[in-house]
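Comments concern the structure below.
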Amino acid sequence: MKKIKAGRNVFLLVSLFAIGIILLAITFSFLKGNLSGSRSGIDEIEPLLHMGDSLRTRKPDSSLFYFNTVINRLEVNQKGTEENHFLALAYSGLAFTNSEMGDYQLALKNDSIAINLATRINDRSVLAKSYLVLGLTNFRLGNYDSAFSCYQQSIDRAIAIGDSFTEAKVYANRGQIYTNQGDYNKAKECFLTALSIGQHTNNNQLIAGNFLNLGVLYSDKSESDKRSATLLITTKGSELVASIFPEHSSRINGFLSGLSTEEKEVVRAMLRKLNKSLR
């Protein structure tokens with residue numbers, strides 16, 4: 001009888017131990033599923049933000065939809081640093097789109113939310129972008145002093161983190177203010193600085209944008225497809241090329257003067273090959 005009772009006790013202990021192991025396994029599996037689900041949710045946010053950014057000027061209504069989707073998804077969850085980063089980006093993108101659509105008061109409101117969120121987690125990247133948007137909205141409202149102040153806040157952070165694109169945009173936007181104020185020398189200086197940064201970083205968007213600002217190119221938008229435009233040279237641009245090209249051509253001929261005809265052909269072939277690789 002004692003042997004049977006002892007056997008039952010051993011069986012009971014083994015059973016309890018097995019049940020404990022199973023419960024631990026289930027708990028671990030549940031936690032792992034929650035964590036991976038949370039990471040998956042974050043991973044889904046970035047494509048939504050990208051879509052919102054890409055449609056801000058072409059299809060602003062669609063852009064608003066994507067940014068609001070991100071905000072709705074993140075607002076319901078407990079937010080850590082990563083969630084607040086993306087939430088601030090979404091509000092900043094929303095503010096830019098609001099500003100593009102002429103809804104300036106809503107743009108100011110959403111930008112303020114973005115700046116508060118980014119300040120809370122000391123996110124200088126988002127702060128640089130958000131102050132840039134805030135400056136743009138103030139510029140459009142005619143608040144030039146406020147715009148200059150926002151642009152300074154933006155460029156300080158952009159330079160600190162090496163964000164050349166935002167730095168160049170600040171210079172270009174300052175140039176727009178100086179143009180509106182009739183200070184064309186300062187405007188030209190800002191546009192040339194922005195152009196220099198664009199060339200240094202090989203950013204075609206910045207280069208083209210500042211050539212437009214300088215008046216050497218103009219944009220001919222397609223009637224059939226509003227998303228596309230052709231950049232054409234202006235009279236001012238043609239005059240600039242005409243003034244630069246003769247001296248430029250003379251210098252190149254001087255550099256090649258010590259080469260034979262065959263060697264010059266080799267140089268031309270290599271330059272053509274290099275040009276293709278840079279496209």
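Each reported figure results from applying straightforward, stated rules to the coordinates on display, with no laboratory input. Model, not experiment: these values are computed from the prediction. Cβ atoms come from the backbone with ideal geometry, glycine included; neighbour counts cover every protein chain shown.
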Give the average over all directions of the projected area of the C-alpha convex hull of region 103-184, one decimal, in nm².
5.0 nm²
Describe numerically, in nm with one decimal, the distance between label points set 7 Å from Cα along Cα→Cβ at PHE255 and at THR235.
3.4 nm
